[in-house]
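Structure record follows, encoded as structure tokens.
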Amino acid sequence: MPKAFSEEMLKNNPREVVLNALIDVFEKGSLSHIALRNALKGDFSKSERSFITRLLEGTIEQAIYLDFVIDVFSKTKSEKMKPFIRNALRQAVFELEFMDSVPERATCNETVNLVKASKFSPLSGFVNGVLRSIAGDLAEGKTKISEAYDKLSEDEKLEIEYRLPIWIIKKWSKDYGKEKALRLAKASISSSDKISVRMNLSKADKESIKKMLTDQGIEIEDMPYVSGLYLWGFDRLDELKAFREGFIQPQDLSSMLVGIIAAPKKGDFCLDLCAAPGGKSLHLADLGAKVLSFDQSQNKVDLINENIKRSGFENLEAKVGDATCFNESLKESADLVLVDAPCSGLGVLAKKTDIKYKTKQIDIKTLSELQKKILKNAYDYLKVGGVLIYSTCTVNKNENDKNVEWLLREFDLEADDLSMYLPKELVTESAKSGYIQLFQGEFPGDGFFISRMIKKG
């Protein structure tokens, strides 16, 4: 394992920073966006920050393909390698094939130097040989790589082509058909450099917020359907005045639709049971609701509180609370309960690329049972006539459609027609029946599921 980094190392060796982050993600279970945030804490130039971000995110996204390439040229298969060596090779191969602006010589030499400086220095010759062989094949049109690919089974080819475990593609094929499954798979490796933000319109009007951004030289574009913007042309979000002063909140288009469908009335008491980092809670507060948000750890609640402090909302409070444990003091107290449940995350693979390696097929059944436990508590928190919003950032029927069917069968709830809340372009037959499934690649946002139900008397 690499040694702990000094500030000087952080400043001067971006490749070592990325390698450390990759080991955190693949070997220690860290979340990719947390690993990236930690990796960027050093004193980096804008170009170094861009290099680190591109190399880290790209290596994580392409890991299935990168391991395949490494295995073509190495007698020791990647899964049998020391984690340090495996991840050093992954990021180097990503540089060689996908970062044309980086000279081949720099990639190979710097990677070998990283290995020489570690306790794995005896393997530096092995690493050098593998990388030189891969670089040579890339320069010759990927002859050996193509020959190896042609020998794979159809399932193995799908995994390599779409950089996804085959069980995910098969699950989508079962639920939605193979054609749609492959569209979802393709969309799951398509990301954008633009950041999506929601405008807090209780604090300022749209034009004032836009001017605040453009005055700082930020490129902006209106998002469809919602009061949101796409932003680009800046280095750090916390350098933007509109962000620091709480006029904008990072949030995906699909996630913004949750608040629109919730449509709380001013003064409604709303519970958000799985709230961190708080984007949907902030949206409900911006719409005028009185919001009490929970998440299960102090660290997650601290994230919500950071957003509350920055935005200045006094009608939003966050507390530590396990959504699976019923809070008797809140029984039948809420006008609206939002359950944005823990889920498999198959709708946000393009942004959180590590999910596809960490989620297993068996997890979906476990998650579905966890979701049901939370939803039962949510029902008991509602007043008669109260609104239950159930949403996930995943795309599969077990966690979505089937949970709604279970709710309507087991509890005194009725589905609410979403057509009165949604833009007409988004109204589907299922929306009229109380839920909508948004598919990445077909909708200009994350894959997302949103449902709305009313507690009957």
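The values are calculated or read from the model by the stated rules, or taken from the named source; none is laboratory data. Note that this is a predicted model, so its numbers are computed, not measured. Note that we place each Cβ from the backbone using ideal geometry, even for glycine, and neighbour counts take in every protein chain shown.
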Query raised in the report: Is it true that LEU114 is in contact with a Pro (Cβ under 9 Å, 6 or more places away or on another chain) and closer than 24 Å to GLU57 by Cβ?
Result: yes
Report task. Please work out if SER196 is under 28 Å from ALA323 (Cβ atoms), among the hydroxyl-bearing types (Ser, Thr, Tyr) and either within 22 Å of the chain's Cα centre (by Cα) or not assigned by TED's automatic domain parsing to the domain that holds PRO444 (or both). Result -> yes
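Go through ALA334, ALA323, ALA378, ALA415 for me and flag whichever is touching a Leu at 6+ places or on another chain (Cβ under 8 Å) and without any contact (Cβ under 8 Å) to a residue 40 or more places away in the chain. Full working, then the answer.
Working: ALA334 fails: without any contact (Cβ under 8 Å) to a residue 40 or more places away in the chain; ALA323 fails: without any contact (Cβ under 8 Å) to a residue 40 or more places away in the chain; ALA378 fails: without any contact (Cβ under 8 Å) to a residue 40 or more places away in the chain.
Sole residue among the options that is touching a Leu at 6+ places or on another chain (Cβ under 8 Å) and without any contact (Cβ under 8 Å) to a residue 40 or more places away in the chain: ALA415.
Would it be correct to say that ALA92 is in a helix (DSSP H, G or I) and within 28 Å of LYS28 (Cβ to Cβ)? Show your work before the answer.
Values: in a helix (DSSP H, G or I): yes; within 28 Å of LYS28 (Cβ to Cβ): yes.
When the stated conditions are applied, ALA92 passes them.
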Query raised in the report: Is it the case that some residue within the range 398-410 is among the basic types (Lys, Arg), free of Cβ contacts under 8 Å to residues at least 60 places away in the same chain and either within 28 Å of ASP363 (Cβ to Cβ) or not assigned by TED's automatic domain parsing to the domain that holds ASP268 (or both)?
Result: yes
Query raised in the report: Hey, any hits in the range 243-255 for a residue that's in contact with a strand residue (DSSP E or B) (Cβ under 7 Å, 6 or more places away or on another chain), more than 30 Å from ALA334 (Cβ to Cβ), of a type outside the set (Ser, Thr, Tyr) and not assigned by TED's automatic domain parsing to the domain that holds ASP322?
Result: no
Requested in this report: Run down LYS424, LYS456, LYS432 and say which single residue is in contact (Cβ under 8 Å) with a residue 60 or more places away in the chain, among the charged types (D, E, K, R), over 24 Å from THR366 (Cβ atoms) and surrounded by fewer than 18 Cβ atoms within 10 Å (Cβ to Cβ).
Outcome: LYS456
Query - Of all residues making up the range 208-238, the number that are at pLDDT 95 or above and assigned to a helix (DSSP H, G or I) - result: 7
Query raised in the report: Name the residues in the range 164-173 that are surrounded by 20 or more Cβ atoms within 10 Å (Cβ to Cβ) and not hydrophobic (A, V, I, L, M, F, W, C), would you?
Result: LYS171
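Yes or no, residue by residue, for (1) among the aliphatic types (A, V, I, L, M); (2) in contact with a strand residue (DSSP E or B) (Cβ under 6 Å, 6 or more places away or on another chain):
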residue	(1), (2)
LYS372	no, no
LEU388	yes, yes
LYS402	no, no
ARG409	no, no
LEU426	yes, no
LYS432	no, no
GLN437	no, yes
PRO444	no, no
SER451	no, yes
Query - In the range 119-163, the residues that are among the charged types (D, E, K, R), surrounded by 14 or more Cβ atoms within 10 Å (Cβ to Cβ) and outside any helix (DSSP H, G or I) - result: LYS142, ARG163
Requested in this report: Tell me which of these SER101 doesn't satisfy, since it passes every other one: (1) assigned to a helix (DSSP H, G or I); (2) surrounded by fewer than 18 Cβ atoms within 10 Å (Cβ to Cβ); (3) without any contact (Cβ under 8 Å) to a residue 24 or more places away in the chain.
Outcome: (1)
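Only one of SER188, SER202 is touching a residue at least 40 places away in the same chain (Cβ under 8 Å) and crowded, with 19+ Cβ neighbours inside 10 Å. Can you tell me which? Let's see the steps before the verdict.
Details: SER202 fails: crowded, with 19+ Cβ neighbours inside 10 Å.
Of the residues listed, the single one that is touching a residue at least 40 places away in the same chain (Cβ under 8 Å) and crowded, with 19+ Cβ neighbours inside 10 Å is SER188.
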Query raised in the report: Which one of LYS75, LYS116 is outside the structural domain of TYR357 (by TED's automatic domain parsing), more than 32 Å from the chain's Cα centre (by Cα) and surrounded by 15 or more Cβ atoms within 10 Å (Cβ to Cβ)?
Result: LYS116
Query raised in the report: If you check every pair at least six apart or on different chains, which have Cβ atoms under 9 Å apart with a residue in the range 228-242 that is under 15 Å from MET212 (Cβ atoms) first and a residue that is among the β-branched types (Val, Ile, Thr) and part of a helix (DSSP H, G or I) second?
Result: LEU229/ILE209; ALA242/ILE209
Report summary line: Taking first residues from the range 338-360 that are in the same structural domain as ASP295 (by TED's automatic domain parsing) and second residues anywhere that are among the aromatic types (Phe, Trp, Tyr) and surrounded by 22 or more Cβ atoms within 10 Å (Cβ to Cβ), the pairs with Cβ under 6 Å that are 6 or more apart or on different chains are VAL339/TYR390; GLY347/PHE448
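I'm checking my understanding of the structure. Among residues of the range 19-58 that are in a helix (DSSP H, G or I) and among the polar types (S, T, N, Q), which one is surrounded by the fewest Cβ atoms within 10 Å (Cβ to Cβ)?
Filtering the range 19-58 down to residues in a helix (DSSP H, G or I) leaves 19-28, 32-39, 46-58.
In the following step, the residues that additionally are among the polar types (S, T, N, Q) were identified as 20, 32, 38, 47, 50, 53.
Values: ASN20: 23, SER32: 23, ASN38: 14, SER47: 10, SER50: 14, THR53: 16.
Across the range 19-58, the extreme among qualifying residues is SER47.
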Query raised in the report: With respect to the numbered conditions (1) in contact with a Leu (Cβ under 7 Å, 6 or more places away or on another chain); (2) polar (S, T, N, Q); (3) within 30 Å of SER344 (Cβ to Cβ), which one is the sole condition not fulfilled by SER32?
Result: (1)
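So which residues in the range 239-251 are modelled with pLDDT of 95 or more and of a type in the set (D, E, K, R)? It would help to see each step written out before you state the result.
Just the residues of the range 239-251 that are modelled with pLDDT of 95 or more, to begin with: 240-251.
Residues satisfying the conditions are LYS241, ARG244, GLU245.
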Query raised in the report: Are any residues in the range 189-207 at pLDDT 95 or above and part of a loop (DSSP other than H, G, I, E, B), and if so, which ones?
Result: ASN200, LEU201, SER202, LYS203, ALA204, ASP205
